[in-house]
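Only one structure is covered here, and it is reproduced in the block below.
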Amino acid sequence: MELVWYLDRATALVAYPTLYLAVLTGILYNADGFGVLHRSARRVHIEVSVLGMLVTLAHAGLGVADTYFVATGQVPQPAYSVGYMLAGVAVGAGGSLLLVVAVLGFLDPRQFDRPWGPAAVHAFAYGGFAFATVHAVAVGTDLASLAFPLVTAGLSFLVYVLLLRLVTDINATGLSTSAQ
């Protein structure tokens, strides 16, 4: 049972950075103005996203087993209450559900014939990443004093890249429109 906890934590420590890279490469995937970063993102985004999803699913399965062991008293309770732990597990489950919906949206062969296209499907993936972030900070670490600044810096960087991409897209659209 202790092995389940170690595997649960190990998969979490791989899943979150992999999901972070999937989000970062996703932002750059269609950003033509970013040159080598755009080309690199196009080469690795799908593979990184698949890896992130597989590790996340493994973490979810191990997390369910670990939660069961804690809830049934087979292993010691964490340093916080069981209620807090279950709330954190619910947030993680919500994030996993959003990621699964995003993946299923991409696997649907008729996805682009419906009113929801790639942007809507990606919104589910970004929502899943947001839930994963809350889950990681809330129950995923006993190093909160280190995790909070790292997550804040990482999310700030993603927002910066996203805003930079939006500005680049607006400038590219504005320049192409004014050149006509």
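The values are calculated or read from the model by the stated rules, or taken from the named source; none is laboratory data. On a predicted model such as this, the values are computed, not experimentally measured, just so you know. A quick note on method: Cβ atoms are made from the backbone with ideal geometry, for glycine too, and the neighbour counts reach across all protein chains shown. These accessible areas exclude ligands, DNA and RNA; they are computed on the full protein's heavy atoms, side chains included. Shrake-Rupley method; radii C 1.70, N 1.55, O 1.52, S 1.80 Å.
For the peptides 145-152, 129-136, what is the packing order when you average, over each peptide's residues, the other Cβ atoms within 10 Å and list the highest mean first?
Per-residue mean Cβ counts within 10 Å order the peptides as 129-136, 145-152.
For the chain, what does the helix formula give at 222 nm: sum of -39500 (n - 2.57) over DSSP H segments with n ≥ 4, over the residue count, nearest 500 deg cm²/dmol?
When only DSSP H runs of four or more count, the value is -29500 deg cm²/dmol.
From the C-alpha coordinates alone, can you work out the Kirkwood hydrodynamic radius of the chain, in Å?
Averaging 1/r across every pair of different Cα atoms and inverting gives 17.9 Å.
Dipole of the chain, Cα-centred, from +1 at each Lys and Arg C-beta and -1 at each Asp and Glu C-beta, to the nearest 20 debye?
380 debye
Which of Leu19, Ala120, Tyr84 sits closest to the plus end of the dipole of the stretch 1-159, meaning its Cα is farthest towards the positive end, when Lys and Arg get +1 and Asp and Glu get -1 on the C-beta?
Ala120
Per residue, what accessible area does the chain have, given a 1.4 Å probe and all protein chains present, in Å²?
Result: 60 Å² per residue.
Once label points are set 7 Å from the Cα along Cα→Cβ at both Thr168 and Ala153, what is their separation, rounded to one decimal in nm?
It is 2.3 nm.
Expressed in nm to one decimal, what extension gain is obtained for the pair Val36 and Leu54 from 0.36 nm per residue of sequence separation less their Cα-Cα distance?
Separation in residues times 0.36 nm, less the Cα-Cα distance, equals 3.8 nm.
With the full set of protein chains in place, find how many percent of the accessible area of the stretch 1-137 is carbon and sulfur; take the probe as 1.4 Å.
It is 73 percent, rounded to a whole number.
Determine, for each peptide in 89-96, 66-73, the mean count of other beta carbons within 10 angstrom over its residues, then list the peptides with the highest first.
89-96, 66-73
What number comes out for the charge environment of Val75, summing +1 per Lys or Arg and -1 per Asp or Glu over other residues with Cβ under 12 Å away?
Summing Lys and Arg as +1 and Asp and Glu as -1 gives -3.
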